[in-house]
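Chemist: Handing you this structure, nothing more for now.
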Amino acid sequence: MKKNKNKKSFYFEDYTESEIIHNNKNFNIVKISLNRVTFLSFIFFSLILIFSIKIIYLSLSPEKNFYSNNIKKNSVKERRDIVDKNGSILATNVNLYDVGVRPKLLKKKEKKNLLIKLGILLPELDLKKINYRLNNDEFFWLEKRLTPKKKDQLWLIGSKALVFEPKPSRIYPQKNLFSHILGQTDDANSGISGVEKFFDKDLNNKEKIKTPLSLTLDSNLQHLIREELINAQSDFHNIGSAAILMDVQNGEILSLISLPDYDLNKRISISDDIYINKITLGVYELGSVFKTFTIAAGLETKVINPNTIFKNLENSLTCDKYIISEHDKLPENLNTEQILIRSSNIGAVRIAQKIGIEKYKNFLNSLGLLNRVDFDLAEIGTPLSFKWGKCKLATASYGHGITTTPLQLARAYAILANGGYKIEPSILKREKKSVEKKEQIISNKTSNEINSMLRKVVSLNEGTANFADVDGYDVGGKTGTALKYNSKAKLNTFVSLFPSSKPKYVLLVMLDEPKPAPNFVYEFPPSEKFPKGYKHKGENRNTSGWNTVVVVGKIIERIGPILAINNLQASNNF
């Protein structure tokens, strides 16, 4: 039998149990390894995706970085806006930016590039100082309170070392206009001066945060008065000035200015005395404006009347070591009214002697002239105390040797003008009470007689305030010229009331160290002698009547129409 050579055979190879187990293990190991790789790849690509999204988000939202999200939200207080009587914003909040530098994140070449770019964007920086800090400090603040625009310019540098920290900050859109009233806040938005300090708790009241703090001040009036005070510096070369406009019926202050002033947004430390609030903090001898009080005290105590004649008035007299003299040659015989109109020093002394120390002192106290006044600012001056005597009575009668603040002087004149009713000056707009009983401290009779005399100081040729006789406003007032302590420099004041027939406003203006103005052209109003008025140049006198009164006249011409409109609007409500 032949064998089939093409026939193929096969057989089953037997595996041992150990070999089967070994092969299964290898298969499982491969399977597990593949699963781990897949899982790790998923994690890796997920992280890449997350970081990519984060980077894109941060690049599109530069302000929402690590530093801005980790600021202590309670470190800077939220604060109410401040507005004037018409709703114009005087102080408000915005986000400004502090920018810091972390030098350790920069290489040497990067530091040089950053320095060049900073020099271009912030040319006011001291680059030598910045360079030193880049090489020696771990962190430092480059600039603070940057505007969003300036911050964006720095951010576009693209330096990883720059840190931007947004902070709610206080800004003052009117800049210098209300500097002595509004005051400033610190880096934590807490008030440190002015209204910001006095009403700090109220301004931080969270329940009222959306309701602005409303003041009695008028931005339009403030601007016009400040502008005239600045013009006066060009004419009379004074080193400073001040003005206050007050409603005589309720004590509301419509304008309060002290020059020189400063931009509140620059947040600089002010230490020079020339920058003090001259109206509220300044304490001065104010001169002949006190004669009005002397005569009012005489009328109120009934030791004189407007027609009481004082005969044989000397041109000078001696009291202890002091010589009291007239500023000009005056008639020997003057009545009470003429003593005020002509501003007679000796006449004022004679009236004060009739009144006596106690009655005169009590009268001044009733007007609030001798003690510290309560007011809506912390910056309030206290009149200097002194010992009363015969000579002190004599000098005080014409405003020398006795001090007060212009704020208190304005209030005292307002009381004299409004019928003798006590008022408290204020810059905070308060809700008007339906029935408010006022305390009358001076009779209507005395008030009317004083108003009449003050009008003649302005309207009569022999008066000392002719330049304030603005047509249509019925202005009355009193001049005051005083020498500053231990100096020949003058402090010239004029307190005006208008309309004097029924006063509504008191306007006080003070010029600090004015100089004679021989090149200034004085324009005299029409009179019987000069029906068309006349001009005068070459005057070297340096009394209040030749400078401060001129300024007041110009101010009333400018603010009069605004006040007339306001009065018309008020009258339409009744």
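The values are calculated or read from the model by the stated rules, or taken from the named source; none is laboratory data. This is a predicted model, so every value here is computed, not measured. Note: ideal-geometry Cβ built from the backbone for every residue, glycine included; neighbour counts use all protein chains shown.
Chemist: Could you run through segment 177-232 and say how many residues are of a type in the set (K, R) and either touching a Cys at 6+ places or on another chain (Cβ under 9 Å) or closer than 18 Å to A243 by Cβ (or both)?
Modeler: Restricting attention to segment 177-232, the residues satisfying the condition of being of a type in the set (K, R) are 197, 201, 206, 208, 210, 226.
Adding the requirement that they be either touching a Cys at 6+ places or on another chain (Cβ under 9 Å) or closer than 18 Å to A243 by Cβ (or both) leaves 226.
Here the count works out to 1.
Chemist: Now a separate question. Which of the residues belonging to segment 120-179 are out of contact with any Asp or Glu (no Cβ under 6 Å at 6 or more places or on another chain) and polar (S, T, N, Q)?
Modeler: Selection gives N131, N135, N136, T147, Q153, S159, S169, Q174.
Chemist: Just give me the residues in segment 313-356 being within 14 Å of F293 (Cα to Cα), touching a helix residue (DSSP H, G or I) at 6+ places or on another chain (Cβ under 6 Å) and charged (D, E, K, R), in sequence order.
Modeler: Within segment 313-356, E337 is the sole residue that qualifies.
Chemist: Across segment 293-352, what is the number of residues that are touching an Asp or Glu at 6+ places or on another chain (Cβ under 7 Å) and surrounded by 12 or more Cβ atoms within 10 Å (Cβ to Cβ)?
Modeler: Qualifying residue count, segment 293-352: 9.
Chemist: Would you be able to say whether some residue in segment 134-144 is at pLDDT 90 or above, farther than 30 Å from L259 by Cα, crowded, with 17+ Cβ neighbours inside 10 Å and within 34 Å of the chain's Cα centre (by Cα)?
Modeler: Yes, segment 134-144 contains a residue that is at pLDDT 90 or above, farther than 30 Å from L259 by Cα, crowded, with 17+ Cβ neighbours inside 10 Å and within 34 Å of the chain's Cα centre (by Cα).
Chemist: I'd like the full set of residues that are in contact (Cβ under 8 Å) with a residue 12 or more places away in the chain, assigned to a helix (DSSP H, G or I) and acidic (D, E), limited to segment 328-368.
Modeler: Selection gives E337 alone.
Chemist: Another question, if that's okay. Take segment 451-463 and flag every residue that is surrounded by 14 or more Cβ atoms within 10 Å (Cβ to Cβ) and over 18 Å from D247 (Cβ atoms).
Modeler: So in segment 451-463, the residues surrounded by 14 or more Cβ atoms within 10 Å (Cβ to Cβ) come out as 451-460, 463.
Answer for segment 451-463, where residues must be surrounded by 14 or more Cβ atoms within 10 Å (Cβ to Cβ) and over 18 Å from D247 (Cβ atoms): S452, M453, R455, K456, V457, V458, S459, L460, G463.
Chemist: Could you grab me the full set of residues in segment 227-260 that are surrounded by fewer than 21 Cβ atoms within 10 Å (Cβ to Cβ) and under 14 Å from the mean Cα position of the chain (by Cα)?
Modeler: Across segment 227-260, the qualifying residue is only P260.
Chemist: Hey, among the residues in segment 522-543 that are exposed (fewer than 10 other Cβ atoms within 10 Å of the Cβ) and touching a Pro at 6+ places or on another chain (Cβ under 9 Å), which one's farthest from F467 (Cα to Cα)?
Modeler: Of segment 522-543, the ones exposed (fewer than 10 other Cβ atoms within 10 Å of the Cβ) are 528-529, 531-532, 535, 540.
Those still in the list that are touching a Pro at 6+ places or on another chain (Cβ under 9 Å) too: 532, 540.
Working: K532: 14, N540: 16 Å.
Step by step, filter segment 522-543, then rank; the result is N540.
Chemist: Considering only segment 292-325, state which residues are out of contact with any Lys or Arg (no Cβ under 7 Å at 6 or more places or on another chain), at pLDDT 95 or above and either among the polar types (S, T, N, Q) or under 29 Å from S487 (Cα atoms) (or both).
Modeler: If the condition is that a residue be out of contact with any Lys or Arg (no Cβ under 7 Å at 6 or more places or on another chain), at pLDDT 95 or above and either among the polar types (S, T, N, Q) or under 29 Å from S487 (Cα atoms) (or both), then F293, T294, I295, N305, N307, T308 are the ones that fit.
Chemist: Taking F524 as meeting all but one of (1) in contact with a helix residue (DSSP H, G or I) (Cβ under 7 Å, 6 or more places away or on another chain); (2) at pLDDT 90 or above; (3) among the hydrophobic types (A, V, I, L, M, F, W, C), write down the number of the exception.
Modeler: Of the numbered conditions (1) in contact with a helix residue (DSSP H, G or I) (Cβ under 7 Å, 6 or more places away or on another chain); (2) at pLDDT 90 or above; (3) among the hydrophobic types (A, V, I, L, M, F, W, C), the odd one out for F524 is (2).
Chemist: Which of the following residues is free of Cβ contacts under 8 Å to residues at least 40 places away in the same chain, among the β-branched types (V, I, T) and either in the same structural domain as I120 (by TED's automatic domain parsing) or buried (at least 18 other Cβ atoms within 10 Å of the Cβ) (or both): I157, I192? Before the answer, list the steps.
Modeler: On the way: I157 fails: free of Cβ contacts under 8 Å to residues at least 40 places away in the same chain.
Residue meeting the stated conditions: I192.
Chemist: Which members of segment 353-377 meet the condition of being of a type in the set (A, V, I, L, M, F, W, C) and surrounded by 17 or more Cβ atoms within 10 Å (Cβ to Cβ)?
Modeler: Applying the first criterion (of a type in the set (A, V, I, L, M, F, W, C)) to segment 353-377 yields 355, 357, 363-364, 367, 369-370, 373, 375, 377.
Residues satisfying the conditions are I355, F363, L364, L367, L369, L370, V373, F375, L377.
Chemist: So which pairs qualify, if the first residue must be in segment 461-477 and touching a residue at least 24 places away in the same chain (Cβ under 8 Å), the second must be buried (at least 21 other Cβ atoms within 10 Å of the Cβ) and of a type in the set (D, E), the Cβ gap must be under 7 Å, and the two must be at least 6 apart or on different chains?
Modeler: That search, which allows pairs on different chains as well, returns V475/D469.
Chemist: Take the residues of segment 474-502 that are surrounded by 16 or more Cβ atoms within 10 Å (Cβ to Cβ) and over 29 Å from the mean Cα position of the chain (by Cα): which is farthest from P531 (Cα to Cα)?
Modeler: Among those residues, the one meeting the criterion is S500.
Chemist: Which one of these does E513 not meet: (1) on the phi > 0 side of the Ramachandran plot; (2) over 27 Å from the mean Cα position of the chain (by Cα)?
Modeler: With respect to (1) on the phi > 0 side of the Ramachandran plot; (2) over 27 Å from the mean Cα position of the chain (by Cα), E513 is out only on (2).
Chemist: For A91, work out the one condition from (1) outside the structural domain of K175 (by TED's automatic domain parsing); (2) at pLDDT 80 or above; (3) touching a helix residue (DSSP H, G or I) at 6+ places or on another chain (Cβ under 6 Å) it doesn't fulfil.
Modeler: So the condition that A91 fails would be (1).
Chemist: Now a separate question. Only one of (1) under 40 Å from the mean Cα position of the chain (by Cα); (2) free of Cβ contacts under 8 Å to residues at least 12 places away in the same chain fails for T318. Which number is that?
Modeler: Failing condition for T318: (1).
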